[in-house]
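What follows is one structure encoded as structure tokens, with my remarks underneath.
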Amino acid sequence: MVMIMKAWIALLVALFPYLHEQRYPVQYQSCEKDHIVVADNKTPFEITLFNLRIRDDEGWESVCRILENADKLEIEVDASAQVSEPLPVYLFADDKLIQQSLIEQHRAYTLIHNPEYRYEKELLALEEAVPVMGNATSEEAHSDTYSQGPLFLLFILLSWVGMLIIMILKLRKIHSQTPFTKS
């Protein structure tokens, strides 16, 4: 039994080498749109910027430029992030959070506003402080999010009403066809 527990712990350590909310130094390998590769102890792996949507190609060029010019790179995994490949991380270049830099430059925005995310308050404060200049793509993306919930609820409600009407009509048809006999 002890051997099984030791093997299980060894498997967990091998599969999940990064503890949440702790910084780990990494080395830059490559960067292109939607694809960042870093190395830890000479083992390359792909990462993504946690809870961030980069608006355009210029934003990705900015990310790659920051990574190429950084003297020190570190990653941090949020406690709520799923450990998978690509690994969703907070990425620090020379002790500055890259997600924060991109929001300040109007090149990105956060995807989900969850107060349990480690740097959510800081990033949300930056987004609210950034003046919006009528960026149609981000407005359309955020407006779709707010309209989908009520539309889904309306669809479900109409489906139930439709099924109820069909059932009532079938019951009426059955009752009208059945002759009443007295014993």
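Which condition number in (1) part of a helix (DSSP H, G or I); (2) open to solvent by 100 Å² or more (accessible area, probe 1.4 Å); (3) at pLDDT below 85 is the one that Trp160 fails?
Failing condition for Trp160: (3).
Where the second residue is open to solvent by 10 Å² or more (accessible area, probe 1.4 Å) and assigned to a helix (DSSP H, G or I) and the first is farther than 15 Å from Glu58 by Cα and of a type outside the set (Phe, Trp, Tyr) and lies in the range 95-109, which pairs have Cβ atoms under 9 Å and are six or more apart or on separate chains?
Lys96/Ile66; Leu97/Glu122; Gln100/Glu122; Gln100/Leu126
Answer yes or no: is there a residue in the range 142-149 that is at pLDDT 85 or above, open to solvent by less than 50 Å² (accessible area, probe 1.4 Å) and over 17 Å from the mean Cα position of the chain (by Cα). Break it down into steps so the answer makes sense when it comes.
Our first condition is that a residue be at pLDDT 85 or above; within the range 142-149, this holds for none.
No, the conditions are met nowhere in the range 142-149.
Looking only at the range 1-44, how many residues end up being modelled with pLDDT of 90 or more and closer than 17 Å to Gln82 by Cα?
So the answer is 0.
Condition (residue is touching a strand residue (DSSP E or B) at 6+ places or on another chain (Cβ under 8 Å), assigned to a loop (DSSP other than H, G, I, E, B) and under 19 Å from Gln27 (Cβ atoms)) applied to the range 47-67: is it met by at least one residue?
no
Which one is farthest from the chain's Cα centre (by Cα), of the residues in the range 27-56 that are open to solvent by less than 90 Å² (accessible area, probe 1.4 Å) and acidic (Asp, Glu)?
That would be Asp40.
Evaluate the range 57-65: report whether one residue or more is under 17 Å from Thr110 (Cα atoms), within 18 Å of the chain's Cα centre (by Cα) and hydrophobic (A, V, I, L, M, F, W, C).
Yes, because at least one residue in the range 57-65 is under 17 Å from Thr110 (Cα atoms), within 18 Å of the chain's Cα centre (by Cα) and hydrophobic (A, V, I, L, M, F, W, C).
The values are calculated or read from the model by the stated rules, or taken from the named source; none is laboratory data. All of these numbers come straight from a predicted model, not from anything done at the bench. Cβ atoms come from the backbone with ideal geometry, glycine included; neighbour counts cover every protein chain shown. To get the accessible areas, we keep the full protein, side chains included, count just its heavy atoms, and leave off ligands, DNA and RNA. Shrake-Rupley method; radii C 1.70, N 1.55, O 1.52, S 1.80 Å.
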